[in-house]
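Heads up, the thing below is written out as structure tokens.
The values are calculated or read from the model by the stated rules, or taken from the named source; none is laboratory data. No experiment lies behind these values; they were computed from the predicted model shown. Cβ placement follows ideal geometry from the backbone for every residue including glycine, while neighbour counts extend to all protein chains displayed. These accessible areas exclude ligands, DNA and RNA; they are computed on the full protein's heavy atoms, side chains included. Shrake-Rupley method; radii C 1.70, N 1.55, O 1.52, S 1.80 Å.
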Amino acid sequence: MPRPIQATIHTEALRHNLARVRAAAPDARVWGVVKANAYGHGIERVFEGLRGADGFALLDLQEAERVRALGWRGPILLLEGVFEARDLELCSRLNLWHTVHCSEQIDMLATHKTHQPHRVFLKMNSGMNRLGFMPQQYRAAWTRLNALPQVDEISLMTHFSDADGPKGIARQLEVFAEATRDLPGERSVGNSAASLRHGTDPLVRGDWVRPGIAVYGAAPDYPEHDAQGWGLQPAMTLSSRIIGVQDLVAGDTVGYGSSFTAEAPLRIGVVACGYADGYPRHCTTGTPVLVDGVRTRMVGRVSMDMVTVDLTGLPDAGVGSAVTLWGRAGNGALLSIDEVAHAGGTLGYELMCALAQRVPVVVAE
Ligand SMILES: Cc1ncc(COP(=O)(O)O)c(C=O)c1O
């Protein structure tokens, strides 16, 4: 029998979340962001649930090839554009739209031989200071691109640094609006947080929104909001089983470093899931977990292949009992990936992306 750990991808949840983002940003077209192998879910596994998107946005050319291999003929956008000149050949061949964020990418385009002009998304650095042209350089970049026979349509884009928090997007939105005033072209500015929190603003939803985390059913702004509060459903469940039970007496410790000490007699369940499966090692005593769909807590340190859980209040639990590390339990109970991530000092984004190769994944309706 294989080790009992398993991840489940919920196709219906993906569909539901996509519809939820559409409702938050009405009239905008939606890029399903599937970079990082669909945030760890697997491009091929999420395709059915996300095929209602208007396009797919990603980073790697190999991932773009995988989306085309699935039969997708609609738009695909490379969010960081090309990394070297020869990447443009694949863009021509697969009809990939690509971001242009620096003058070197314009130089590459200028020498590219193509029969089919490219659709590009010209990126502005409106304040995040990662990728993009400064607002004062933007118009010159647009003019240069517009003069190239290799370029067909130019869309305008930027990315927010603080859409999920109190600083907000107002300043960056103002910079973008000012620097693009009277420039033609479709616009794309909003990620999940901007779409959910500000999607009613026509400037924010623009022509295209680019939600990633929301379509996977996690909150972009946890703990201010949780996924349920946003009406999102988890697209991934990580589940396993109890493979051992220990009865402790007061004073006994659990796991490496003896970081947890029982204050009274305590039943402990040992779960087949550890950091080598992608469960965060920084989660400590108190991290929530579901056993047979009932909420309890992790105790002690996470080790490579196991975590230990408190079975107080679960007299029927034992070897073979179902454990939900995040997602949806068999009885419908939910444990959000954001809550687990928060306990480990990180984000749901990181946990889903870090699901380990060794974990078998099944796709459910
Ligand atoms: C340019 C760009 N657009 C959209 C997204 C999607 O962001 P989120 O997952 O927060 O919706 C990302 C993610 O990092 C991104 O880099």
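On the basis of being assigned to a loop (DSSP other than H, G, I, E, B), among the basic types (Lys, Arg) and closer than 30 Å to Lys35 by Cα, does Arg281 make the cut?
On the way: assigned to a loop (DSSP other than H, G, I, E, B): yes; among the basic types (Lys, Arg): yes; closer than 30 Å to Lys35 by Cα: yes.
The answer is yes for Arg281.
Within region 1-18, how many residues are open to solvent by 10 Å² or more (accessible area, probe 1.4 Å) and more than 10 Å from Val215 (Cβ to Cβ)?
8
Out of Gly199, Gly212, Gly217, Gly229, report the one residue that is out of contact with any Asp or Glu (no Cβ under 9 Å at 6 or more places or on another chain), under 26 Å from His16 (Cα atoms), small (Gly, Ala, Ser) and open to solvent by 30 Å² or more (accessible area, probe 1.4 Å). Before the answer, list the steps.
On the way: Gly199 fails: open to solvent by 30 Å² or more (accessible area, probe 1.4 Å); Gly212 fails: open to solvent by 30 Å² or more (accessible area, probe 1.4 Å); Gly217 fails: open to solvent by 30 Å² or more (accessible area, probe 1.4 Å).
Sole residue among the options that is out of contact with any Asp or Glu (no Cβ under 9 Å at 6 or more places or on another chain), under 26 Å from His16 (Cα atoms), small (Gly, Ala, Ser) and open to solvent by 30 Å² or more (accessible area, probe 1.4 Å): Gly229.
Does at least one position in region 237-259 carry a residue that is within 16 Å of the ligand (Cβ to nearest atom), open to solvent by less than 10 Å² (accessible area, probe 1.4 Å), closer than 20 Å to Gly40 by Cα and not basic (Lys, Arg)? Outline the logic, then answer.
Start the filter on region 237-259 by keeping residues that are within 16 Å of the ligand (Cβ to nearest atom), which leaves none.
No, there is no match, as no residue in region 237-259 is within 16 Å of the ligand (Cβ to nearest atom), open to solvent by less than 10 Å² (accessible area, probe 1.4 Å), closer than 20 Å to Gly40 by Cα and not basic (Lys, Arg).
Take the conditions basic (Lys, Arg), away from the ligand (no atom under 16 Å from the Cβ), open to solvent by 40 Å² or more (accessible area, probe 1.4 Å) and more than 27 Å from Arg20 (Cβ to Cβ) and apply them to Arg139. Does it pass? Break it down into steps so the answer makes sense when it comes.
Values: basic (Lys, Arg): yes; away from the ligand (no atom under 16 Å from the Cβ): yes; open to solvent by 40 Å² or more (accessible area, probe 1.4 Å): yes; more than 27 Å from Arg20 (Cβ to Cβ): yes.
For Arg139, the condition - basic (Lys, Arg), away from the ligand (no atom under 16 Å from the Cβ), open to solvent by 40 Å² or more (accessible area, probe 1.4 Å) and more than 27 Å from Arg20 (Cβ to Cβ) - is met.
I need the helices (runs of 4 or more DSSP H) fully contained in region 38-99, keeping only those with at least 1 residues that are open to solvent by less than 10 Å² (accessible area, probe 1.4 Å) and not aliphatic (A, V, I, L, M).
Working: elements: 43-50, 61-69, 87-94.
Per the criteria, 43-50, 87-94.
Filter region 142-163 down to residues that are among the acidic types (Asp, Glu) and either part of a strand (DSSP E or B) or open to solvent by 70 Å² or more (accessible area, probe 1.4 Å) (or both), then give me how many there are. First the steps, then the outcome.
To start, the set of residues in region 142-163 that are among the acidic types (Asp, Glu) comprises 152-153, 162.
Next, only the ones that are either part of a strand (DSSP E or B) or open to solvent by 70 Å² or more (accessible area, probe 1.4 Å) (or both) stay: 152-153.
Total meeting the criteria: 2.
Any chance region 128-135 includes a residue that's basic (Lys, Arg), open to solvent by 20 Å² or more (accessible area, probe 1.4 Å) and either touching a Pro at 6+ places or on another chain (Cβ under 9 Å) or part of a loop (DSSP other than H, G, I, E, B) (or both)? Lay out the reasoning, then the answer.
Let us first name the residues in region 128-135 that are basic (Lys, Arg), namely 130.
Subset that is open to solvent by 20 Å² or more (accessible area, probe 1.4 Å): 130.
Still in the list and also either touching a Pro at 6+ places or on another chain (Cβ under 9 Å) or part of a loop (DSSP other than H, G, I, E, B) (or both): 130.
Yes.
Please verify whether Ala110 is more than 15 Å from the ligand (Cβ to nearest atom) and farther than 30 Å from Arg66 by Cα, treating the condition exactly as stated. Working first, answer last.
Working: more than 15 Å from the ligand (Cβ to nearest atom): yes; farther than 30 Å from Arg66 by Cα: no.
In short, no.
Give me the residue from region 279-305 that is of a type in the set (Gly, Ala, Ser) and open to solvent by 10 Å² or more (accessible area, probe 1.4 Å) and, out of that set, nearest to Gln246 (Cα to Cα).
First, the residues of region 279-305 that are of a type in the set (Gly, Ala, Ser): 286, 293, 300, 303.
The next check asks that each one be open to solvent by 10 Å² or more (accessible area, probe 1.4 Å); those that pass are 286, 293, 303.
Details: Gly286: 18, Gly293: 20, Ser303: 16 Å.
Filtering first and then ranking leaves Ser303.
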